[in-house]
Structures are given as structure tokens and as C-alpha cells.
Amino acid sequence: MPVKTYRDALRAAMAEEMQRDESVVLLGEDIGVYGGTHLVTNGLIDEFGPKRVIDTPISENGFTGAAIGMAMAGMKPVVEMMTWNFSFQAADQIIQNAAKLRYFSGGQVHVPLVIRGPNGGGVQLSAQHTHSLEGFYGHFPGLKVVSPVTPEDVKGMMLEAIRDPDPVIFLEAGALYGTKGEVPDGDYTVGFGKARVAREGADVTLVAYGRQVNMLLRVAEELAKEGVQAEVIDLRSIRPFDTETIIESVKKTNRAVVVQEQWRWFSVASEVAALIQEHAFDYLDAPVERVSGAEVPAPYARNLEVAAFPSEANILEAVQRVLYQESK
Amino acid sequence: MAEVIMPKMGDAMEEGTLLKWLKNPGDEVAEGDPIAEIETDKVTLEIEAAESGFLTNTLVEEGDTVPIGTTVATIGGEDEVGKGAPESAKPVAEADEEPEEPAADAPAAEEAEAPAGDEPAEQPETAPVQVATAEQEASAEPVARADGERLRASPLVKRLASEHSIDLGQVNGSGPGGRIVKADIADFVSGKTPAPKAAAAATPQQEPAQAASAAKVPAEGASVEISKMKQRTGERMAESKRDIPHFYVSTVVDMSAALDFRKQSNASLEESGGKVSVNDLVVKATALALADNPTINRSYVNDQLLQHDSIDINIAVAVDGGLIAPFIPAADQKSLGAISRLAKDLGTRAREGGLKPNEYQGGTFTISNLGMFDVDEFIAVINPPQAAILAVASVREQPLVRDGRVVVGHQMKITLAADHRALDGAEVATFLQSVKHYLEHPMLLALS
């Protein structure tokens with residue numbers, strides 16, 4: 001299987017679907033002539049021209065609204081948020097219109113819109129440019145929210161997202177555009193609502209999504225040296241959500257640690273912990289642990305930024321707590 | 001009989017005061033008649049009768065303030081006047097505040113599993129810890145913690161304890177605050193002699209002889225074509241017996257607890273359609289024993305020993321035309337249910353010829369089980385390059401000596417054939433003891 005970067009896999013998905021389907025267009029700031037701030041759309045304007053790769057003014061609310069209108073009229077726009085932080089400018093369009101039009105119209109109007117861009121922190125962009133918005137967007141009925149971490153998934157889920165009849169919030173692992181992995185050629189999709197078991201193990205269930213999945217895989221390697229076999233689950237899809245895979249795993253391991261970069265209160269990890277106690281209470285041997293970002297706006301200073309996000313050491317400590325290794 | 005309640009007259013209203021009864025018990029009322037005057041924090045108004053009849057009881061005195069939803073009076077037939085009043089004037093809705101209710105802090109109420117009322121709320125300070133008296137054993141769930149302390153156990157432990165009738169009062173808790181956790185149950189079960197359960201023991205299960213493909217030898221000795229599969233198996237087995245210095249170690253496993261465990265598991269699995277077989281138990285026990293004794297999980301290749309990290313267990317399956325051994329990857333990491341489902345799927349597809357090469361090429365240890373064919377014991381030929389193979393015979397109902405007494409129980413003989421170039425007798429014997437231990441303490445199979 002060919003090896004591609006996360007960025008190239010993402011570009012391939014959009015380019016291939018634009019070749020197949022004329023109604024697919026791209027909109028965003030500097031995505032055309034400049035090739036995109038993160039070079040995700042690099043070269044696409046040469047292939048598809050400025051009518052399908054549209055450079056917009058710096059006005060998220062405006063071009064997101066325009067894209068919603070295009071989607072209502074039958075096109076399939078893919079909007080780039082230069083980073084998800086700027087989506088706050090467009091939140092009214094996303095939440096009040098994109099998420100609700102299908103409901104308002106009794107199912108007569110669909111909004112086949114994808115909004116994509118880098119999510120999360122870890123690259124010293126400071127407080128206003130560092131947010132993990134999966135919990136925020138996952139809160140609203142009417143939006144689908146996904147967060148792929150492997151190059152294979154990012155292509156398959158982008159194809160699924162473009163073909164989905166309803167709005168999809170596509171949260172890319174911003175710090176991982178350069179990571180490589182095997183990516184199948186051609187047309188395939190990765191369906192929403194199905195988590196990926198990234199590593200099998202019987203002793204503890206570790207759950208994350210986005211770049212924290214890679215962190216968990218490294219932690220699992222460390223744990224294996226001590227004879228602890230961790231099962232690592234990559235949620236991939238925040239909404240719809242795959243309860244079954246998590247519950248089946250916890251029924252096997254009896255313990256779970258949920259890791260996220262976003263703040264802990266009212267977050268994805270809180271939801272996962274709640275679902276576990278609802279569906280697997282009688283299988284729990286320890287309280288579910290959450291490892292989350294510190295409850296402060298993201299710091300700029302490198303040392304503080306590192307301290308504010310989950311680290312492998314934090315995760316290991318949490319795993320030891322659910323394994324009761326402290327008390328032994 | 002209809003109840004007249006203190007109505008909610010606005011979102012902020014939580015209670016109302018009954019100012020004055022406009023009707024007395026025994027009075028006839030028509031639907032819509034005012035029967036009392038009430039006062040809220042904002043307004044004074046009248047309560048009307050919701051149906052016609054007689055005012056049978058008034059339950060609140062004039063001047064009393066009661067929460068909304070409280071029954072203040074009843075309306076019924078003439079004959080009901082003055083009797084049959086509801087137990088008490090109790091709020092039936094929105095009872096956020098329960099000022100009159102005693103605080104529910106009796107420890108017994110918190111002990112989900114404590115028999116209500118059986119135990120004093122507080123244990124005397126001298127209550128013996130860890131000593132099971134006959135009385136305690138008779139009660140469903142003793143609470144033998146020091147100083148009446150709450151027994152802490154994880155939800156998993158509580159479930160296991162109730163399913164397997166384990167007295168948690170006997171178990172030490174190693175978790176925070178003395179919480180009993182899964183590992184404590186495992187320790188406890190390991191150290192415990194399984195209680196004789198001869199009466200309840202299941203009969204040895206006779207799996208349908210689905211794969212009985214014993215070839216009939218023609219009477220006249222006509223030549224029979226050997227299938228490709230049989231030729232390949234034959235070559236490998238000949239190579240194995242020719243090159244590998246086999247040696248054999250056997251042991252007898254007391255399967256009474258395992259059969260009991262299987263019966264319980266299957267009763268609870270019935271709704272999901274899954275059933276755990278004796279072979280599934282053997283696979284899981286073997287996988288765990290291999291994890292404990294990694295030297296057995298090796299291959300002998302080109303005068304070298306390969307240590308396998310993953311425990312992939314092949315299961316020999318009799319099929320039309322021969323034998324095939326698909327494997328269960330990472331069997332020590334899989335739950336019993338997962339092993340069972342996968343084994344069933346592999347077996348079915350093996351018989352239908354639907355296995356993929358990567359499902360039978362490989363594996364690190366093989367189990368050959370002839371238990372369904374009524375065999376006392378047998379010896380299997382090593383599946384090269386693996387270092388050993390386990391032969392599993394039938395479970396038999398037999399008289400056993402347990403604690404100096406003869407009881408009826410169930411036994412199963414297992415025999416390990418090992419490659420003497422890779423393994424020595426002592427480590428093989430240790431491994432077999434480990435398999436036996438897991439099978440005789442089957443809860444360990446569910447815990448790991």
C-alpha cells in the first residue's frame with residue numbers, strides 16, 4: 001500500500017471527489033493561489049480553476065453562510081477554516097443554520113456541507129488560536145463531528161463526509177499533517193459512528209481521538225514492558241458515537257482511562273465516562289479516569305503549553321490508578 | 001375516591017396555605033364547587049371540586065402550609081365519608097424537599113447487598129474480622145468489616161460475588177480505602193478449595209459428533225485415494241515423529257467447578273445466543289498458562305529456539321478429508337466470550353472450507369481435543385515447529401477423593417507432548433499444573 005502524509009491523503013480525497021463529482025467545490029482563505037496555510041489544498045487551483053477552488057475574503061461568517069446556501073441549492077461545498085479557532089466567527093451560521101435547516105424543513109432541505117481545518121494545539125499558537133472544539137460542536141444535534149488520526153482514516157472519512165447529506169464538522173489533527181501512513185489508492189470510505197481498535201489488550205481500555213491516540217499507543221508500548229496489555233480505542237467519530245466498541249472493551253478489561261486535549265468539564269471524556277457507567281457498571285473494577293487539558297486558556301510558553309496538555313506521564317499515572325498499582 | 005391536591009398556581013409556587021375550608025366532611029359537592037380557600041405567596045384563591053360526590057375527608061387543618069401536590073381532601077361516595085383516608089398527607093409531585101423524612105443515612109441502606117433489617121446498623125467494636133461463623137455463612141452477605149465500616153467493593157466484584165456466591169466478608173480489599181477489587185477475588189479464589197458441588201454438577205457435555213469423519217476401510221482392501229490435505233498432514237506428522245524427540249506428561253484435571261462455571265455462564269449468555277464450550281475453557285486456560293510459562297510458547301527452527309511474544313493457539317479441527325488447525329491470535333488477551341465466538345466461527349468455516357490462509361498458517365501452540373468422542377486419554381503429535389501440543393480427553397463423571405472423602409465429580413485427562421530439544425520435564429510439568437490450576441479455578445478464566 002502506498003505511504004502518504006496525512007496532508008496528502010486529505011488532499012487526495014478532495015481532489016479525487018472533485019474529479020468524480022462536479023458539485024464539489026472548495027472555499028476558504030488563501031486556499032487557492034497560496035495553496036492553503038497548511039498546504040492541504042496546494043495545487044488544486046491549477047487542476048480545478050478558481051471557480052471550484054474559491055479564495056474568500058477574511059470573513060468566516062460570510063463564506064460559511066455562502067457555502068450553506070450553495071449546499072441547500074444542491075452543491076457540495078468543503079469549507080476550510082484556517083484553524084477551527086476562526087469558526088467562532090461563523091458559529092451562528094454553523095449552529096443556527098447548517099445544523100438546523102433539515103429539522104426546520106421537516107427533512108425537505110439538506111445541507112451537504114463539510115467544514116474542515118486543523119483542531120487542537122501543541123504548536124505554540126497561544127490561547128486564542130488553540131482550541132479543541134469536538135465537545136463544543138459535538139453538543140449540537142444536527143452536526144456530525146469526526147476527528148481522524150491516521151492518513152488512511154483521514155482520506156476515507158473525508159470521502160464519507162463529502163458524500164454525507166448533512167453538515168460534517170471535520171476536525172483534523174493539526175499537529176500531524178506531516179505524519180505518514182499507509183493509504184489505499186482510489187475510492188473507499190470509512191463510515192461514521194464506528195471506533196477503531198488501534199491495539200488489542202485485556203488489562204485496561206484507553207480511549208482517545210485525534211493526536212492523543214498516538215500518545216496512547218506509545219503509552220501502551222511502555223505498559224507492555226511491565227506486562228500490562230492495554231487496549232487502545234480511537235473514537236474517530238465523536239458524533240455519531242460508537243458506544244458498543246467501548247463497552248465491549250470495558251467488559252473485557254474492567255478499567256478505562258479516557259484522554260483528551262480539551263478541557264475536562266462538559267467534554268467528550270465526560271460523556272465517555274458517563275456511557276461506561278451506564279452500560280458497564282457491573283463490569284467496572286475501578287472508577288473511570290479522565291486525563292484532560294488544564295483548566296486555563298492555552299499558554300504560549302513552550303514549557304507551560306506542554307504542562308497544560310495531557311502527557312504520557314499523566315496518562316501512565318492514570319493507568320496506574322485504575323490498575324490499583326499505587327496501593328500495591 | 002378522588003383526591004383534592006394543593007394546586008401549583010405558577011412556576012415559582014412551591015407551597016400553599018389552606019386558609020379556610022368552605023365545605024365540611026359529609027357535605028355534598030358538585031364538580032366546580034369551591035371547597036377551600038388557599039393562599040399562595042402571591043394570591044388568595046379557591047380550590048374547586050374536580051368531581052361531584054361527597055367531601056369524605058379533610059386532611060389539612062386551616063392555617064396549615066403544605067407543599068404543592070399534597071392531598072388536602074378526598075371526594076367520594078356518601079358511604080365513604082370519614083373513613084378510608086389515604087395513609088398520610090404526602091406530596092405526590094415535585095417533592096424536592098422532604099423536611100419530615102428521616103435522613104437516609106443508616107449504613108444498612110447503603111449496603112446494597114446487605115439483607116435489610118438482618119444486621120444491626122452498627123457492628124459492635126469487637127466484631128470479629130475475617131472470621132466466618134456459621135451464622136454469617138447462612139446469611140446472604142455478611143458485613144464483617146471493622147467497626148461497622150462500610151464494605152467497599154468495585155461493581156465488578158459485587159457482581160462476581162453474587163454470581164459465584166462468594167462471601168465478600170472473607171476477602172481482603174487491596175484498593176483505596178480497602179476497596180475489594182478484581183485482583184483480590186482472583187487471589188481469594190486461587191487459595192480456596194472449590195466447594196464440592198457434586199449434586200449440582202452438570203453431566204459431561206457430549207458435543208454432537210459433527211466432524212466424525214473416520215474413514216471406513218473397504219472390506220476387500222481396495223485402494224483409497226488420499227486427499228491432498230491428508231497427504232500434507234501425513235508428511236508433517238511423519239517429519240514431526242521422525243525429527244522431534246517427543247516426551248509426554250499427563251495430568252488429571254478436576255472439572256467439576258469448570259462445568260458448573262460453564263453452566264452458569266451459558267445460562268447468562270443464553271439471551272445473546274453465545275455458548276461457551278469446554279474447549280473454549282481449555283483454550284483460555286492454556287493461553288493464560290502460556291503467559292505464565294512463556295518458555296512453552298516457543299518454536300524450534302533450524303537448531304534455534306524462537307520465543308513468541310504473541311500467544312496464538314491453534315485448534316485442531318476434523319474436516320472432511322483430513323485435519324486443519326486454524327488459530328486464535330492473542331488468545332491470552334481475549335475474553336472467554338471472544339474466544340468462544342472466534343473458535344465457533346473458525347470451526348464452522350474450517351468445515352465449510354472457508355478459511356483464509358492467514359487463519360491457519362501460523363500459531364504458536366496447538367490444542368487437540370477429542371473430548372467429544374468419548375476417549376479416556378490420548379497422545380498428540382507435535383505440530384512443527386511448535387515446541388508442544390496439548391491432547392485433551394473426555395470429561396468423565398467419576399468417584400473422586402476430595403478432602404479424604406469419596407465424592408462424585410468430573411475428571412478430564414490432559415497430556416502434553418513436548419519437544420525435548422526445546423523443553424525439559426520440569427518446566428512442562430509446571431506448565432501443566434498451571435493449566436490445571438486455571439481449569440480448577442474457572443473464575444480466573446473470567447477475570448483475566
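A short reminder: the numbers here are calculations on the coordinates, not readings from a lab. Just so we're clear, the structure is a prediction, and the values are computed from it rather than from any experiment. In this analysis, Cβ positions are derived from the backbone assuming ideal geometry, glycine residues included, and neighbour counts consider all displayed protein chains.
Computed values, structure above
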{"quantity": "Degrees, to the nearest 10: A:243-253 long Cα axis against longest axis of chain A", "calculated": "20"}
{"quantity": "Nearest-20 debye value, the stretch A:189-328 charge dipole, Cβ charges on Lys, Arg, Asp, Glu", "calculated": "280"}
{"quantity": "For the stretch A:151-308: Kirkwood Rh in Å [reciprocal of mean 1/r, alpha carbons]", "calculated": "16.7"}
{"quantity": "For the stretch A:196-322, with +1 on Lys and Arg beta carbons and -1 on Asp and Glu, the positive-most of A:PRO299, A:LEU206, A:PHE281 along the dipole", "calculated": "A:PRO299"}
{"quantity": "Debye log10 I(q)/I(0) for the stretch A:3-182, one point scatterer per Cα, at q = 0.12, 0.16 Å⁻¹", "calculated": "-0.49, -0.91"}
{"quantity": "5 angstrom amide H check on B:VAL408, placed H, neighbours 5+ away", "calculated": "B:LEU400"}
{"quantity": "Computed FRET value (nearest 0.05) for B:LYS275 with B:ASP376, which takes r as the C-beta separation and R₀ as 22 Å", "calculated": "0.30"}
{"quantity": "Using alpha carbons only: equivalent-ellipsoid semi-axes of chain A, gyration tensor based, whole Å", "calculated": "34, 20, 19"}
{"quantity": "Amide proton proximity set for A:VAL53, modelled H, under 5 Å, gap of 5+", "calculated": "A:LEU26"}
{"quantity": "Peptide-level mean, for A:279-287, of C-beta atoms on other protein chains within 10 Å", "calculated": "6"}
{"quantity": "Student exercise, the stretch A:46-114 dipole from Lys, Arg, Asp, Glu Cβ charges, in Debye to nearest 20", "calculated": "340"}
{"quantity": "Derived scalar couplings ³J(HN,Hα) [the stretch B:153-164; Karplus, 6.51 cos²θ - 1.76 cosθ + 1.60; whole Hz; x for Gly, Pro]", "calculated": "8, 5, x, 4, 5, 5, 5, 4, 5, 6, 5, 10"}
{"quantity": "Neighbour-count order for B:VAL408, A:VAL232, fewest beta carbons within 10 angstrom listed first", "calculated": "B:VAL408, A:VAL232"}
{"quantity": "Per-residue mean of C-beta atoms belonging to partner chains within 10 Å, peptide A:224-232", "calculated": "1"}
{"quantity": "Among A:ILE246, A:ILE95, A:ILE58, residue whose mean-square fluctuation peaks in a GNM of chain A (springs only between Cα atoms under 10 Å)", "calculated": "A:ILE58"}
{"quantity": "Reciprocal mean inverse distance between Cα atoms of the stretch B:297-388 - Kirkwood radius, Å", "calculated": "14.1"}
{"quantity": "Peptide B:152-158, shielding by other chains (average Cβ, 10 Å cutoff)", "calculated": "5"}
{"quantity": "Hull volume in cubic angstrom per residue (convex hull over the Cα atoms of the stretch B:230-368)", "calculated": "134"}
{"quantity": "Estimated dipole of the protein assembly as shown in Debye, rounded to 20 [Cβ of Lys and Arg +1, of Asp and Glu -1, Cα centre]", "calculated": "4940"}
{"quantity": "Trypsin sites (Lys or Arg not before Pro) restricted to the stretch A:10-51 and DSSP loop, no more than 11 other C-beta within 10 Å", "calculated": "A:LYS51"}
{"quantity": "3J(HN,Hα) from dihedral phi, the stretch A:127-132, Karplus parametrisation 6.51/-1.76/1.60, rounded to Hz, x for glycine, proline", "calculated": "5, 6, 10, 9, 9, 10"}
{"quantity": "Neighbour-count ranking [beta-carbon atoms within 10 angstrom, fewest first] of A:ARG239, B:ARG396, B:ARG150", "calculated": "B:ARG150, B:ARG396, A:ARG239"}
{"quantity": "Candidates per chymotrypsin sites (Phe, Trp or Tyr not before Pro) in the stretch A:29-72, loop by DSSP, up to 15 other Cβ within 10 Å", "calculated": "A:TYR34"}
{"quantity": "Share of pairwise Cα separations in the stretch A:9-100, more than 16 Å, in percent", "calculated": "52"}
{"quantity": "P(r) of the protein assembly as shown over all Cα-Cα pairs, binned every 10 Å from zero, in whole percent", "calculated": "2, 11, 15, 16, 16, 16, 13, 7, 3, 1, 0, 0"}
{"quantity": "Proxy reagent accessibility, fewest Cβ within 10 Å first, across A:ASP8, B:ASP376", "calculated": "B:ASP376, A:ASP8"}
